[in-house]
Each structure stands twice: as structure tokens, then as C-alpha cells.
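S.K.: So that we are looking at the same thing, I have put the structure below in C-alpha cells.
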């Protein structure tokens, strides 16, 4: 299966994320496009979704740039730094989340989105052509 990317847009900020191959990621992908109201909790942005998915390898801490689904709140969560639950530099959700992908680029751009903003997530349709090889990369 080719890489599945999603576009996240709110308040003039546009971010691309790549989904993993989890069942939860499949469920979200099939529900797109979705729109919600952005909520901010520390360095996490989250919003309610129509997706209903159970716990799937729930994680108590996540990496910077993680895209996750929070089963208790049926919410999509985007992380760029510590939350009020974090200890030290860790990134800790309110409770375990299903990590379903990772933000490409700079997740800190999420900090520019005010709480309450309308946020939209949609599928990015990949072109049929292959990406050209990168100069200087090892094959």
C-alpha cells in the first residue's frame, strides 16, 4: 500500500501528516474529510471526530509530531511538545492514545492555531508518478 497522507488545515496553517498502517489509521482515513473545533491542551491540539475506534496498542507517552487517536474522547490529537500531564520533557497525553501517524515538517506550527478554530482534515491524493531520487542520497 502506498503512503497515506492527510492535510490538516486551520486558521491559515496547513500541515501534512503521514498515516501508519494501523486499524485506527484505516478507520480515520475512511472517515475523511472531517471538521471540528480545535482545543488546546499544553502543546497538544485535539478535536472531536465521528471516528469510534477501540484502544489499539495505546501509548502513555508519544514523540513530538505524533498524530494520535484518543479513544475515550473520540478525538484526533496532534502533539508538538509537553502537555499539563508531562513530566520533564516527555510528551504525555491525558491517557493512552493510539498513535496513527506523524507530522511531516514542523509540528510547532500547530502552536499558531487558536483554540476554537475550525480545523479540517482531508485525504491527500498522491500523484501516480514516483518521487525523483534525492541528490546525495545513498541507494
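S.K.: Name the single residue, out of those in the stretch 56-71 being under 14 Å from the mean Cα position of the chain (by Cα) and in a loop (DSSP other than H, G, I, E, B), that is farthest from residue 92 (Cα to Cα).
M.R.: Selected residue: 65.
S.K.: Residues in the stretch 100-116: is at least one assigned to a loop (DSSP other than H, G, I, E, B) and crowded, with 20+ Cβ neighbours inside 10 Å?
M.R.: Within the stretch 100-116, one or more residues are assigned to a loop (DSSP other than H, G, I, E, B) and crowded, with 20+ Cβ neighbours inside 10 Å.
Yes or no, residue by residue, for (1) within 15 Å of residue 115 (Cβ to Cβ); (2) touching a helix residue (DSSP H, G or I) at 6+ places or on another chain (Cβ under 9 Å); (3) in a strand (DSSP E or B):
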residue: 21; (1), (2), (3): no, no, no
residue: 28; (1), (2), (3): no, no, no
residue: 35; (1), (2), (3): no, no, yes
residue: 46; (1), (2), (3): yes, yes, yes
residue: 54; (1), (2), (3): no, yes, no
residue: 84; (1), (2), (3): yes, no, no
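S.K.: Considering only residues that are touching a strand residue (DSSP E or B) at 6+ places or on another chain (Cβ under 7 Å) and either over 17 Å from residue 16 (Cβ atoms) or surrounded by fewer than 17 Cβ atoms within 10 Å (Cβ to Cβ) (or both), which ones fall in the stretch 78-88?
M.R.: Once the filter is applied, which keeps residues that are touching a strand residue (DSSP E or B) at 6+ places or on another chain (Cβ under 7 Å) and either over 17 Å from residue 16 (Cβ atoms) or surrounded by fewer than 17 Cβ atoms within 10 Å (Cβ to Cβ) (or both), the stretch 78-88 yields 81, 82, 83.
Every number here is computed from the coordinates shown, using simple stated rules; none is lab data. Predicted model, so just to flag it, every value in this text is computed and none were measured. Note that we place each Cβ from the backbone using ideal geometry, even for glycine, and neighbour counts take in every protein chain shown.
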